[in-house]
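Colleague: First the structure, then my questions, so here it is.
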Amino acid sequence: MSHVAQSTEFSRRSFLKLSAVSAASLSVLSLSASLTGCSNDPASNGFLVLRSDDILCLSAILPVLYSGAVAAEQMNSNLHSTLRAIDNSLASFSPEMRKLTVQLFDVLNNPLTRGPLTGVWGAWSQASSADVQQFLKRWENSRFDLLKMGHNALLQLAMLAHYGQPSSWQHCGYPGPPVLQ
Amino acid sequence: MPIADPFLQGIASGWQVQNASLLENDLQLEADVVIVGSGAGGATSAELLSAAGLRVLIVEEGPLRTSTDFKMQEPQAYADLYQEGMGRMSKDGAITIMQGRAVGGTTLINWTSSFRTPPETLKHWASEHAVSGLDKDTLQPWFERMEQRLGVAPWSMPANANNEVIKRGCEALDLSWAVIPRNVRGCMNLGYCGMGCPVNAKQSMLVTCIPASLNNGGSLLYLARAERLQMTQNRVQHLECQALDARGVEPTGRKIIIRAKHYILAGGGINTPAILLRSQAPDPHKRCGKRTFLHLTNFSAAQFSEPVNPFYGAPQSIYSDHFQWLNGAKGPLGYKLEVPPLHPAFAATILGGYGEVNAERMAQLPNTHMMIALMRDGFHPDSASGTVELRSDGSPVLDYQMTPYTWNGIRRAYHNMAEIQFAAGAERVFPVHADADYVTSLNRAKSLIDNLDLSLYRARLGSAHVMGGCAISDDASQGVTNSLGMHHQLENLSIHDGSLFPTSIGANPQLSIYALCALLTEQLIKRLAA
């Protein structure tokens, strides 16, 4: 069934001539993304790794990932703690895995790569849930391993961060660890 | 503090334990034997060497965390106790590799399953990989010794509901199953073995062999990464280490030089070959890092009408080897069936999807059971296999290449797991794959599985057992060490860890590492005394 998904996906965006990108590695993409300087930005105030662009991007993506698990009125306060949790995770990654993840954000943030690769042509803050869902579907079913890898990495980071927090446990019926006497 | 923390008490009593992240200057150290790595292989070796009167220094890359720190919280455990902060993956990012990184190594965070090396595996090594002196009878006293040392015994309490599914399903289908031996003493059946045992019941290296070495004059340096061995001709001259910051992530710039009569690498699969690769150690047959195996694991979830509470209780207590040796060691791929514990963060990443789909799966967590199949990789020439490579910064990454033979094992395992789950009374089964979801009958599951596109990123894959990469073989063209664990080219260097295995084990590997390394260390002590 993924073959079907892949072919519709590919025809939809074939005009983007992405074959030129197929040989490129994430670091090459990231290099082009960083030519405008975004990957050299320091971490946002109070964060160890995440930069302000990363936070904007995640603030658009995370509510879509958590819809159904977090009530709409709690999404904003949830977002704040989840961004912290993601940041803490990244700070414990090996330097190389952290670099790869930062490069992934470069690709998502830079307009040169974001538009063609995600289909989100405007700023993340303007992206609708439908735009984000489209992007996630597109990467999950991409013919490029790099984008599938990016999809995996993003989901893994987001899910670990969310369900690591006690505020998420009511939804999944987890009473938490036992209290030791 | 109601729960005793024997490690902190030991430090208070004067153990020689040093935190390299606090070093203000470079450091030079000497020992009779320096051991890189404090996990199953390194710590077992350290205890015996210290008891024999040798001055032992254990070097550990990870931080020191003890029972006082173990709060049964996933984020903290993953960040502190796992390689690359739980970010370790195969090179293509498709396989998550769970491996420990702290004082005690993977023994700190494993799920306590303690199996003897299957006799079929030992026979295969002797006949196919020129391994000598490691037959079942020779190893038996070493298994017995380590089982006694670490309190290994079949789990005597009732299995939790998650494990019980294997027993019930196998009995209904007339398949074999058995109780898992665990290395625990006074276990409270909590279910948090993977986050560090908060009550010191798990007989990990942190509470057994490392304290024994330290009580006998051994010393421990942690947050120090073994960077490279300096060699002249056929001998190691010294070991260079880098001090790491408190998170164990970035080097602080302080260097440690360690000189010893003998050097033991025990960093485990991936990390031990990486030290040799960084050192450009002699490797005339290009064996270092090759044939690294994972017990590659796929997943099958099932929902039951009754609560399973898969987050509580001894994580692994029942297994089935029914499909392990059906066609001999070299036939179609065999696998072991077990269950993982399901805490929320881990469960959410395994169950996959996002938004409503993931939320719905997670809402059912208390009624969810998960089964895993551990592929016995490395026995057949067509098996998937991994190669350790160095990234530009010198850190290692595993390039694990899948094969049709291995995908065939994955597909059969999806079938068998669904059969057992429905036979155990599951209402719905989900072969964990991006194109699959829960289905309500075995027939639907079978046609779903037959049509799954088995490819990377779509089938959810993981590993908790890295083995091989510095294989034992008396034939120097096949291995990195001989059957005594001695490096073929460097006379004062041994390897004592899971990287020695010429294939995967076909069982959770900790007891194989303990027994093999205890035997190799006794032989080493005799050589050093001669």
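Colleague: To the nearest 10 degrees, how steeply does helix B:404-423 sit against the main Cα axis of chain B, on a 0 to 90 scale?
Modeller: Computed tilt is about 60 degrees.
Colleague: Could you work out the Kirkwood radius for segment B:71-156, taking every pair of different alpha carbons, averaging 1/r and inverting it, reported in Å? List each step's numbers first, then the result.
Modeller: Numbers: mean 1/r = 0.0632 Å⁻¹.
Result for segment B:71-156, one decimal place: 15.8 Å.
Colleague: On to the next question. A:Ser89: net charge of surrounding residues, Cβ under 14 Å, Lys/Arg +1, Asp/Glu -1, itself excluded? Walk me through the intermediate numbers first.
Modeller: Details: positive: A:Arg84, A:Arg98, B:Arg88, B:Arg247; negative: A:Asp54, A:Asp87, B:Glu74, B:Asp80, B:Glu84.
With Lys, Arg at +1 and Asp, Glu at -1, the neighbours total -1.
Colleague: Here's another thing I want to ask about it. Against the longest alpha carbon principal axis of chain B, how many degrees, from 0 to 90 and to the nearest 10, is the axis of helix B:40-51 turned?
Modeller: 40
Colleague: Arranged by the count of other C-beta atoms within 10 angstrom, fewest first, what order do B:His496, B:His487, B:His415 take?
Modeller: Working: B:His496 30, B:His487 25, B:His415 17.
Ordered by Cβ neighbours within 10 Å, fewest first: B:His415, B:His487, B:His496.
Colleague: Over all residues in A:96-103, what is the mean tally of Cβ atoms on other chains that come within 10 Å of each residue's Cβ?
Modeller: Details: counts 9, 11, 4, 3, 4, 1, 0, 0.
Mean shielding by partner chains, rounded to a whole number: 4.
Colleague: Listed here are the pairs B:Lys123/B:Lys167; B:Lys91/B:Lys255; B:Lys91/B:Lys290; which of them are more than 26 Å apart at the Cα? Provide the component values of the computation, followed by the final result.
Modeller: Numbers: B:Lys123/B:Lys167 29 Å; B:Lys91/B:Lys255 29 Å; B:Lys91/B:Lys290 14 Å.
Long pairs (Cα-Cα over 26 Å): B:Lys123/B:Lys167; B:Lys91/B:Lys255.
Colleague: Cα-based Rg (one decimal) and Dmax (whole number) for segment B:410-496, in Å?
Modeller: Here Rg and the maximum Cα pair distance are 21.2, 61 Å.
Colleague: Starting with the fewest neighbours, write out B:Tyr514, A:Tyr66 ranked by other beta-carbon atoms found within 10 Å of each beta-carbon.
Modeller: In order of increasing Cβ crowding within 10 Å: A:Tyr66, B:Tyr514.
Colleague: According to the Kirkwood expression over distinct Cα-Cα pairs, how big is the hydrodynamic radius of segment B:295-365, in Å? If you can, show how the numbers build up before the last one.
Modeller: Working: mean 1/r = 0.0701 Å⁻¹.
For segment B:295-365, the Kirkwood estimate is 14.3 Å.
Colleague: Which aspartates and glutamates does B:Lys286 reach when only Cα atoms under 16 Å apart count, and residues fewer than 8 places away in its own chain are ignored?
Modeller: B:Glu389, B:Asp399, B:Asp474, B:Asp475
Colleague: Could you please rank B:Tyr82, B:Tyr263, placing first whichever residue has the fewest other Cβ atoms within 10 Å of its Cβ?
Modeller: Going from sparsest to densest Cβ surroundings: B:Tyr82, B:Tyr263.
Colleague: Here is a further query. log10 I(q)/I(0), Debye, Cα-only chain B, no solvent, q = 0.06, 0.10, 0.12, 0.13 Å⁻¹?
Modeller: The computed values of log10 I(q)/I(0) come out as -0.26, -0.74, -1.08, -1.27.
Colleague: Quick one: check the C-alpha center-to-center distance for segment B:354-377 versus segment A:99-117, whole angstrom.
Modeller: The two parts, judged by their Cα centres, are 30 Å apart.
Colleague: Taking one equal scatterer on every alpha-carbon of the protein assembly as shown, how large is log10 of I(q)/I(0) by Debye at q = 0.08 1/Å?
Modeller: Calculated log10 I(q)/I(0) at the listed q: -0.60.
Colleague: For a protection proxy built on the mean count of beta-carbon atoms within 10 angstrom, sort B:339-345, B:27-33, A:98-104 highest first, please.
Modeller: Values: B:339-345: 25.4, B:27-33: 17.6, A:98-104: 20.9.
Descending packing order for the listed peptides: B:339-345, A:98-104, B:27-33.
Colleague: So what's the net charge close to A:Leu108: Lys and Arg +1, Asp and Glu -1, counting the other residues with Cβ under 13 Å from its Cβ?
Modeller: Values: positive: A:Arg51, A:Arg114, A:Arg138; negative: A:Asp53, A:Asp54, A:Asp106, A:Asp131.
In short, -1.
Colleague: Roughly how crowded by other chains is peptide B:87-93, in terms of the mean Cβ count from those chains within 10 Å of each of its Cβ atoms? Show your work: numbers first, answer last.
Modeller: Values: counts 14, 3, 6, 0, 1, 5, 12.
Taking all residues of B:87-93 together, the mean is 6.
Colleague: Let me ask something else about it. Residue by residue through segment B:238-249, which ³J(HN,Hα) values in whole Hz follow from phi under the Karplus form 6.51 cos²θ - 1.76 cosθ + 1.60 (θ = phi - 60°), with glycine and proline marked x?
Modeller: Coupling constants for segment B:238-249: 7, 10, 9, 10, 10, 6, 10, 5, 4, 7, x, 10 Hz.
Colleague: Over all alpha-carbon pairs of segment A:57-144, lay out the pair-distance distribution in 10 Å bins, whole %, shortest bin first.
Modeller: 15, 43, 37, 4
Every number in this text was worked out from the coordinates using simple rules, so none of it is lab data. The structure presented is a predicted model; accordingly, all values stated were derived computationally and were not measured. Every residue, glycine as well, gets a Cβ built from its backbone with ideal geometry; the counts of neighbours run over all protein chains shown.
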